[in-house]
Amino acid sequence: MATADVRPAAPDDVAEIARIQLETWRVAYTDVVGARAIDELDPADLARRWSGAVEHPETAVYVALEGTFTVGFCVAGPAPAEDVAAADGTLPDDAARTGLIATVLVEPRWGRRGHGGRLLASAAAGLREHGAERGVTWVAQSDSASLAFFRGAGWNPDGTVRTLDTGEKTVRELRLTGGLELRLAS
């Protein structure tokens with residue numbers, strides 16, 4: 001059996017991260033965001049954006065590996081005010097101590113092998129090291145797999161929703177929140 005690991009992303013990982021995003025969105029999110037929105041994604045633009053994220057000093061990008069293959073990634077960092085604010089714009093007392101899990105993506109063919117859990121646990125540990133005590137993420141209401149994944153980690157919807165317009169579809173997202181003391185089951 002190949003070894004599975006998670007490590008911080010490096011500039012050399014950017015092309016693979018962009019490829020994984022594009023392939024995963026095509027397979028898993030076409031019905032959510034619309035085929036045209038995905039077809040309009042430019043691989044070179046995605047790579048530039050991921051390069052910026054990997055190099056950003058407050059953002060942590062992690063990659064999951066199985067053997068020599070990069071199979072997924074996760075992005076985490078301090079939660080911007082708009083991601084933790086209540087619907088009326090007020091900030092919770094712990095806003096400065098809240099981290100954002102911006103995405104956890106594992107290429108579908110590598111799913112169900114624990115990569116998502118390892119990525120989330122690594123991101124949570126990194127957020128804790130930088131003073132975060134709680135995390136938030138946004139998940140499409142129709143994405144039952146991601147909702148189940150985060151609920152399995154003890155994260156639950158807090159009643160806040162947002163709506164995104166992809167130009168083709170409207171995506172309703174739920175904000176989930178949870179603790180950062182995650183441990184992998186052995």
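The values are calculated or read from the model by the stated rules, or taken from the named source; none is laboratory data. Everything quoted here is computed from the prediction, not taken from an experiment. Please note: Cβ atoms are built from the backbone with ideal geometry, for glycine as well, and neighbour counts cover all protein chains shown.
Assorted remarks:
- Members of segment 61-86 found to be hydroxyl-bearing (Ser, Thr, Tyr) and part of a strand (DSSP E or B), listed by number: Tyr62, Thr70
Yes/no matrix, rows are residues, columns are (1) farther than 24 Å from Arg162 by Cβ; (2) modelled with pLDDT of 95 or more; (3) surrounded by fewer than 21 Cβ atoms within 10 Å (Cβ to Cβ); (4) more than 13 Å from the chain's Cα centre (by Cα):
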{"site": "Asp12", "(1), (2), (3), (4)": "yes, yes, yes, yes"}
{"site": "Cys74", "(1), (2), (3), (4)": "no, yes, no, no"}
{"site": "Asp83", "(1), (2), (3), (4)": "no, yes, yes, yes"}
{"site": "Val104", "(1), (2), (3), (4)": "no, yes, no, no"}
{"site": "Pro108", "(1), (2), (3), (4)": "yes, no, yes, yes"}
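Here's the yes/no breakdown for (1) touching a helix residue (DSSP H, G or I) at 6+ places or on another chain (Cβ under 7 Å); (2) farther than 22 Å from Leu182 by Cα; (3) aromatic (Phe, Trp, Tyr):
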{"site": "Val61", "(1), (2), (3)": "yes, no, no"}
{"site": "Phe69", "(1), (2), (3)": "no, yes, yes"}
{"site": "Asp88", "(1), (2), (3)": "no, yes, no"}
{"site": "Trp110", "(1), (2), (3)": "no, no, yes"}
{"site": "Gly114", "(1), (2), (3)": "no, no, no"}
{"site": "His130", "(1), (2), (3)": "no, no, no"}
{"site": "Ser144", "(1), (2), (3)": "no, no, no"}
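- One residue stands out in segment 47-71 among those that are of a type in the set (Phe, Trp, Tyr) and buried (at least 16 other Cβ atoms within 10 Å of the Cβ): the one that is nearest to Ala125 (Cα to Cα), namely Tyr62.
- Checklist (1) in a helix (DSSP H, G or I); (2) surrounded by fewer than 16 Cβ atoms within 10 Å (Cβ to Cβ) applied to Gly89, failing item: (1)
- Filter result for Leu41 (surrounded by 14 or more Cβ atoms within 10 Å (Cβ to Cβ) and at pLDDT 95 or above): no
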